[in-house]
Amino acid sequence: MAKIAFLGLGAMGTRMARNLIAAGHDLTVWNRDPQKADALREAGADVARTPRAAVADSEFVLSMLRDDIASRQVWLDAEDGALGGLREGTVAVECSTLSVDWVEELAELCRRRNTIFLDAPVVGSRPQAEARQLIFLAGGATEAVSRAEAVLLHMGASVHHAGPNGAGAAAKLAVNTLFGIQVAVLAELIEAVRYRGFDPARLVELVSATPVCSPAAKAAAGAMLLNAFPAMFPIEIVEKDLGYALSIAEKDESTPLASAARNVFARAINEGYGADNITGVVQLYRLPGS
Ligand code: NAP
C-alpha cells in the first residue's frame, strides 16, 4: 500500500479519502478548514497542518479543491504550498475540475521539480465518490497514468488516458458542458410544457424513452419534477466549470451554446439558487403557484 497525501476535504474529497483509508493506504490529509479533517483522523488518517507538511515523504499527492484559485493557493503558496515539499519522483494528481491553462502551468512547474504530474478530474458526483464509482479522465504521460492507476481505482471504477497534461481537464470540461447544456434546456422545456397545460411528467416519460435522451439527462429531468434540489453538483460549481470550458476555445464566438448555458446558470446564482443542485435551474422558469 502507498503513502499518500490528500489535499482538500470537501464533499468529494472526504469521500475519496475515506475510500483510500478503507483500501489500506497510509494517508495524510490536509484541509483549509481543519475541522473537516476530524472525521478522517477518526477513520485513521494523519492530519497535517499545511499542504507542504502533508506531502513530505508521500509517493502520491492527490488534491480535490474547488477551483483554480484554491488549487493555485494550495500548490504554490510561498510558505506552505505543496509544490515546494514534493520530493523527486512523487506522482502529483490534481483531481479537481480546473481550467486547462492552470493545469498545464502546474504540470510544467512539477516537471521542473522532477516530479510527475497528472490532471485526473472525475466524472460522477457524491454518490459515485462514496461508492468508488468515479470515472477518472487522466492527462499526462502513459507511464504516469500506469503508476497512478492502482491508487485511482481505489476511488473509482475506471481510469481513461485522455492525452498529455491538460487533456484530462479538457475532457472533463467537455463532459460537464454537455451535461450543463442538456439540463438547462430540459428545464426550459419542462416549464414550457407545463405553461401550455400539458403534463410535464408525461413529457419527461416520453422523451426519456427515446434514444436522444441520455441517462444523465433522464435522471436530471426526473429530479426536476420532484421539486427538491439538495446539492450534489451545485449550480455554483456548474457555472465555474462552464466558465473554464469557454476558456479552452480561442474565441468567444466559437462557443455560443456553452456561453448561453453559462449565462443561464449565472442567472440562477444571481436569483439565489447557487447552492442548489444543478437541477434547481428549473426554478428560473417556474410560474408562481406551479
Ligand atoms: P466543496 O465541497 O465545496 O469542497 C471544496 C474544497 O476546496 C474544500 O476542501 C475547500 O476547503 C477547498 N477550498 C476552497 N477554496 C479554497 C482556498 N482558497 N484555499 C484552499 N482550499 C480551498 O466542493 P466539491 O463538491 O468537493 O468539489 C471539489 C472539486 O471537485 C471541484 O473542482 C468540483 O468542480 C469537482 N467535482 C465536483 C463534483 C460534485 O458533484 N460536487 C463532481 C465532480 C467533480 P474548506 O473546507 O476549507 O472550504
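In units of the compact-protein estimate 2.2 N^0.38 Å, region 1-98 shows a Cα radius of gyration of 0.94. Heavy-atom accessible area with a 1.4 Å probe sorts Val151, Val207, largest first, into Val207, Val151.
Separation of region 259-290 from region 139-169 is 34 Å, based on Cα centroids. Could you tell me what percent of the accessible area of region 3-164 is made up of carbon and sulfur, with a 1.4 Å probe and every protein chain present? With neighbouring chains kept in place, the figure for region 3-164 is 47 percent. Taking GluC sites (Glu not before Pro) as exposed when DSSP calls them loop and at most 15 other C-beta atoms lie within 10 angstrom, the chain has its longest site-free stretch at 89-249. Net charge in the neighbourhood of Cys110 (other residues with Cβ under 13 Å of its Cβ; Lys, Arg +1, Asp, Glu -1) is -2.
Distance distribution P(r), the chain, all Cα-Cα pairs, bin width 5 angstrom from 0: 1, 6, 12, 16, 17, 15, 12, 9, 6, 4, 2, 1, 0, 0 percent. With coordinates expressed along the principal axes, the C-alpha atoms belonging to region 74-179 extend over 36, 27, 26 Å, beginning with the largest.
Of the cross-linked pairs Lys218/Lys251; Lys36/Lys240; Lys36/Lys218, those separated by over 27 Å at the C-alpha level are Lys218/Lys251; Lys36/Lys218.
Where in region 1-34 does the label zone of Asp57 land, with the point 7 angstrom along Cα→C-beta and an amide N cut-off under 15 Å? Backbone N within reach: 2-6, 26-29.
Taking a ≥ b ≥ c as the square roots of the eigenvalues of the alpha carbon gyration tensor, region 3-164 is rounded, as a/c is under 1.5. Normalised per residue, the accessible area of the chain is 47 Å², obtained with a 1.4 Å probe and no contribution from ligands, DNA or RNA. Here the calculated FRET efficiency for Ser247 and Arg286, from their Cβ-Cβ distance with R0 = 25 Å, stands at 0.20, rounded to the nearest 0.05.
The values are calculated or read from the model by the stated rules, or taken from the named source; none is laboratory data. Nothing here was measured: the structure is a model prediction, and the numbers come from that model. Methodologically, a virtual Cβ is constructed for each residue, glycine included, from the backbone with ideal geometry; neighbour enumeration extends over all protein chains shown. All accessible areas refer to the heavy atoms of the entire protein, side chains included, with ligands and DNA or RNA removed. Shrake-Rupley method; radii C 1.70, N 1.55, O 1.52, S 1.80 Å.
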